[in-house]
Amino acid sequence: MLHLLFLVPLLPFAGFVVLALAGRRLSRGAIAAVGAGAVGIAALVAIAVSIDFLASPPAGHAFGQVLWTWLSVAGLKVQVAFYLDPLAICFILIITFVGFLIHLYSVEHMAHDDGYARFFAYMNLFVGFMLVLVLADNLLLLYLGWEGVGLCSYLLIGFWHKHWYNGYAARKAFVVTRVGDTAMMVGLFLLFTQLGTLQIQPLMARAAAAWPQGSALPVAAAALLLAGALGKSAQLPLQTWLPDAMAGPSPVSALIHAATMVTAGVYLIARTNVLFDLAPSVRMAVAIVGAATLVYAGVSALFQVDLKRILAYSTISQVGYMFLALGVGAWSAGIFMFITHAFFKALLFLSAGVVIDALDDEHDIFRMGGLRTRLPVAFWTFLIGAAALAALPIVTAGFYSKDLIIDRALQSTQGGFWLWLAALVGSLLTGLYAFRAVFVVFFGPSRTEPRAGFRAGLAVRLPLIVLAVLAIGGGLIDIPRGWAHLQKLDDFLAPVLPAATLRHGGLAAAFWTTYVPAVMALAGIGLAFLLFQRRRQEAAEAQTSGAARYFLGGWGFDWFYHYVFEVPFLWFAHATSNDLFEPPVAGLAWLTRTGWRTLSATQNGLVRSYLFVIGLGVAVGVLIVVLR
């Protein structure tokens, strides 16, 4: 079955081609079958390939598949080739399986949208590029997938492009992530010129052999790759695009935030872990950025009033936990968090989509309330997702993954007290903002009634139920040592990712890293009950305070970037608008417009004109042949 690996990314691409070329001529049922079916079959193939890999592990616990040579020039040979190992298996299973559930949900959720075929075409293309990214055996092919998901994010965030704000949000995501992507591209140039290859495995081996730890070249290369990861994964200081990305439909938010684009940076750092181990200062920067981001985003989420923006900031915060894990050398813990986060974050966005749809596109949580009896499926699934996000002890998957990261933040030889403390504060904040949303939206008096006759169908309920089950039981693959000793995922990833080097802290350390995080999560939930259930009116009024408005705006990052970068650039562009280069450029634009008007005038719809031009062309052709 391993030889069928190429089908995993090919099937979503095939779905995109069919929908792009024939989508307008297909019925809605056929569009849904192609759109969801392409990703569903890809998920089945990914499962079959993974089972075959586990049953008969190939030599070196890795399987390579070369399809063709992409380019070969000046010593650079790049192949379209896929590389399957335990790390890639984790990602392709999550991308295809969770991606299929989101597509299935979209079949009903987007059923009345005019751009039905276009939506599924973009979604298929997004999944295809993400699969190329995680399966690529070389960094140039990975970069193709990297830019592909950036393009698709632009198309999907601005899907409802008739509203100006959606177009603005799409452009903002595209531009901000380009900052990191440019740095990453420079990093690829550096790696190739110094090591002579972009194939990931040979590249890592050459780097380890040629570069001393802590020397300038690995530090520069790792820093440039980190910049790319910060942009795609919306970490400080390139996080500003993600909250505005909520302009897209709810399934788009679920796909981007749960299983694909924002975790691309996590994959990149994990895949190039050898390079980051050669640059300890950059690896520590990964941990510090992750710790700072998870606190920043947790505070920001606590003051949002838009339901989807709360979840957007929670994504930034939870990816911050993943960066923290990678930065302290707990590689498998970061991947564990990626897996559980995909389950409960997709669940939260899809449940929120049901609420927003039922309330005729209402997003303000303080205009909701009392929905637990009116929308029971959305209530219970959102509650389970919020519990997993808040790391409710013992019973949720999010607890086991987050508890493991908090443990490693202190116990790893590369961790420390301040990183552990930031993770604990983040745990308290997560419980607080997650259950703030639960209590305000689903409890208390009703402010907006669901539209008459609204009821989620099977295509919506089934993904919610499956994800709810996974949000509860999906953490049992890797249980922290303070609770049990079941580390299946850690053992599975051992051939790819090095194990964390731990201190031996004894029972006292186990108490601080295992039981205190559980208490913090419960404290956050309890505090949310006191503030937003018992004192609901005071909480709503507090949103008008100056501090609340400051945190609502993301701590002024957009304001800072506007005045530091945008305003000077616009001033410079205006000041130089009449320089020596302007007339040639303006002339070229005039020539292009004139040519377009001339050529478009020939398409007048008059058959006689078309026949005359055809006849004239034939006559000229005959004349040329005769005169020769």
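Listing for the model above:
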| read-out | value |
| --- | --- |
| Residue within the range 419-427 that is assigned to a loop (DSSP other than H, G, I, E, B), touching a residue at least 40 places away in the same chain (Cβ under 8 Å) and surrounded by fewer than 20 Cβ atoms within 10 Å (Cβ to Cβ) present | no |
| Residue list for the range 152-182, restricted to those being free of Cβ contacts under 8 Å to residues at least 24 places away in the same chain and either of a type in the set (S, T, Y) or within 27 Å of Q79 (Cα to Cα) (or both) | Y154, T182 |
| Residue check for I310: hydrophobic (A, V, I, L, M, F, W, C) and farther than 15 Å from K402 by Cα | yes |
| Residue check, V607 out of contact with any Pro (no Cβ under 6 Å at 6 or more places or on another chain), without any contact (Cβ under 8 Å) to a residue 24 or more places away in the chain and either closer than 30 Å to K308 by Cβ or surrounded by 10 or more Cβ atoms within 10 Å (Cβ to Cβ) (or both) | no |
| Count of the range 306-332 residues which are out of contact with any Leu (no Cβ under 7 Å at 6 or more places or on another chain), of a type outside the set (F, W, Y) and farther than 20 Å from P251 by Cα | 6 |
| Qualifying residues in the range 581-628 (those that are over 52 Å from the mean Cα position of the chain (by Cα) and of a type in the set (D, E, K, R)) - the one modelled with the highest pLDDT | R608 |
| Sole residue being closer than 22 Å to A254 by Cβ, out of contact with any strand residue (DSSP E or B) (no Cβ under 9 Å at 6 or more places or on another chain) and not in a loop (DSSP other than H, G, I, E, B), chosen from R455, R461 | R461 |
| Among the candidates Y267, Y296, residue that is assigned to a helix (DSSP H, G or I), under 13 Å from I316 (Cα atoms), in contact (Cβ under 8 Å) with a residue 12 or more places away in the chain and among the hydroxyl-bearing types (S, T, Y) | Y296 |
| Criterion: within 23 Å of I200 (Cα to Cα) and either of a type in the set (A, V, I, L, M) or at pLDDT 95 or above (or both) - qualifying residue of A291, A254, A301, A223 | A223 |
| Failed item in (1) assigned to a loop (DSSP other than H, G, I, E, B); (2) touching a residue at least 12 places away in the same chain (Cβ under 8 Å); (3) loosely packed, with under 15 Cβ neighbours inside 10 Å, with L476 passing the rest | (1) |
| Search result, residues across the range 40-96 that are within 18 Å of I200 (Cβ to Cβ), small (G, A, S) and in a loop (DSSP other than H, G, I, E, B) | A62, G75 |
| Looking only at the range 161-208, and only at residues there that are hydroxyl-bearing (S, T, Y) and part of a helix (DSSP H, G or I), the one that is modelled with the lowest pLDDT | Y165 |
| Scan of the range 142-158 for residues that are buried (at least 20 other Cβ atoms within 10 Å of the Cβ) and either hydrophobic (A, V, I, L, M, F, W, C) or outside any helix (DSSP H, G or I) (or both), ordered by number | L142, W146, V149, C152, L155, L156, I157, G158 |
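The values are calculated or read from the model by the stated rules, or taken from the named source; none is laboratory data. Note that the structure is a prediction, hence the values are computed from the model and not measured. Here the Cβ is made from the backbone with ideal geometry for all residues, glycine too, and neighbour counts use every protein chain on show.
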